[in-house]
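Right, one structure below, let's go through it.
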Amino acid sequence: MTLAVMALYATGTTRLTGIASWRVKETDRIAAMAAELRKLGAGVVEGDDFIEISPPRVWRAATIETYDDHRMAMCLSLAAFNPLAGARPAQPLRILDPRCVAKTFPDYFEALFDLVRADVDDLPVITIDGPSASGKGTLAAALARRLGWQFLDSGAVYRATALAAHRARVSLDDEPGLAAVAANLDLHFDGTRILLNGEDVATELRQESTGAAASRVSGWPAVRGALHALQLSFRRVPGLVADGRDMGTVVFPLAPLKVFLTASAAERAQRRHKQLISKGIQASIADLRTDIEARDARDQSRVTAPLKAAEDALRLDNSALGIDESVDMCWVGGGSATRWTRVRPAEAPA
Ligand code: DC
């Protein structure tokens, strides 16, 4: 099967024979291989026990089905090297359900990405910005999981800065002191764990008091500057979903897909309340709403990188949507057009 994909890089036609057994494996691998290679632009002839492949004259971008077959995912991933066969521009390849490699090689894609070098400007970024408790973090994490991309929770970066400052007894009014804390942040994300100086602080970071301190810390331009490079470093293969307040406006202004997620303050207070109650923390909905509105006002009015939608963002009000529905809206690239609105209306009909 690897040879069938390597045939894309040959100068002539490749014929693999004596492969009848391919038809009775995890899937009918001759039919599956033929269908997927054709998507890339290859010429394919298939028979009961052979497959014949002529390399694409013109490479096409493709979304590859994997048929719950680990070998389909691994072999077809090699088509991503199409520039080596002359594809100009490089044609992007999407492997659906990449986790099917778990059967034999769970870390296959991580191992592959360790081998390749990519120009960071070529790596796709999806930004999801919005106010507190709009659900952007949940949406961004779910989208990153579904895509198999890296995930940046920039709110957690500001929260960790606030926590580190608190521990170092640096005042929230001391801009240079806070910037020094930010510049020396020893922060690592490891699945659901968030390690600050090697200690898991994920629970502490989620506390309302940490969020309120983060909101103040994030108002200082020197702190934002000190955290800029750290946030950019999350842009790694195969792509990044970044959530926060200024992902689309300041940190990744050239991201090809920017989402601005909103929900009414009343709905956001309800969600936060449900979240806290589920963790056994008592809270009043009215107080939460007051806090959320105060945080919105502070985030929107600060001088540096205020919370606002990028001009080329798509706005999604998810007050009445569940998380899966919101992910689907991003996944299919549009969903119900009535729920997406452009931040800046197009000047002329496209
Ligand atoms: O998204 P969150 O609630 O975890 O964010 C905590 C605070 O950090 C929030 O009040 C605003 C600030 N923040 C920011 O200024 N810019 C970001 N990109 C992310 C968060």
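Accessible-area rank, largest first, for His273, His166: His166, His273, with all protein chains present and a 1.4 angstrom probe.
Using +1 at the C-beta of Lys and Arg and -1 at the C-beta of Asp and Glu, which of Phe50, Ala31, Pro83 has the Cα lying farthest in the positive direction of the dipole of the range 16-92? Checked the options; the winner is Pro83. Karplus-derived 3J(HN,Hα) values for the range 55-63, using 6.51 cos²θ - 1.76 cosθ + 1.60 with θ = phi - 60°, are x, x, 7, 10, 6, 10, 5, 8, 10 Hz; glycine and proline are entered as x. Of Thr66, Thr104, the order by accessible heavy-atom surface (1.4 Å probe, DNA, RNA and ligands excluded), from most exposed downward, is Thr104, Thr66. The charge dipole of the range 230-275, taken about its Cα centre with unit charges on the Cβ atoms of Lys, Arg (+1), Asp and Glu (-1) only, comes to about 140 debye. Here the range 229-275 and the range 53-83 have alpha carbon centers that stand 31 Å from each other. Each Cα pair of the chain feeds into the Kirkwood radius, which the Stokes-Einstein equation turns, at 10 °C and 1.306 mPa s, into a diffusion coefficient of 70 µm²/s. Remark: the range 233-272 is approximated by an ellipsoid whose semi-axes, taken from the C-alpha gyration tensor as √(5λ), come to 26, 11, 9 Å, largest first.
So what is the 222 nm mean residue ellipticity for the chain from helices alone, if each DSSP H run of at least 4 adds -39500 (n - 2.57) and you divide by all residues, rounding to the nearest 500 deg cm²/dmol? Value at 222 nm, helices only, nearest 500: -11500 deg cm²/dmol.
For the chain, a simple Cβ point-charge model (Lys and Arg +1, Asp and Glu -1, everything else neutral) yields a dipole of about 340 debye relative to the Cα centre.
Within the listed set Ala133, Ala90, Ala162, the Gaussian network model of the chain (springs between alpha-carbon atoms below 10 Å) gives the highest mean-square fluctuation for Ala90.
Local charge for Arg271 was computed over the other residues whose Cβ lies under 12 Å away, with Lys and Arg +1 and Asp and Glu -1, and equals +4. Anything over 22 Å Cα to Cα? Flag those among Lys39/Lys258; Lys136/Lys308; Lys279/Lys308; Lys274/Lys308; Lys258/Lys308; Lys39/Lys103, in the order listed. The pairs that break the limit, which is 22 Å between Cα atoms, are Lys39/Lys258; Lys279/Lys308; Lys274/Lys308; Lys39/Lys103.
The amide H of Thr262, built 1.01 Å from its N in the peptide plane, has Leu316, Asp317, Asn318 as neighbours under 5 Å, considering only residues 5 or more places off or on other chains. Highest average first, the peptides 72-79, 276-283, 302-309, 238-245 ordered by how many other beta carbon atoms sit within 10 Å of their residues are 238-245, 72-79, 302-309, 276-283. Take each peptide in 211-217, 201-207, count the other Cβ atoms within 10 Å of every residue, and average; sorted highest first, the result is 211-217, 201-207.
The values are calculated or read from the model by the stated rules, or taken from the named source; none is laboratory data. Since the structure is predicted, the reported quantities are computational estimates derived from the model, not experimental observations. Counting neighbours? That spans all protein chains shown, and the Cβs are built from the backbone with ideal geometry, glycine included. Remember, those area values only see protein heavy atoms, side chains included, never the ligands or the DNA or RNA. Shrake-Rupley method; radii C 1.70, N 1.55, O 1.52, S 1.80 Å.
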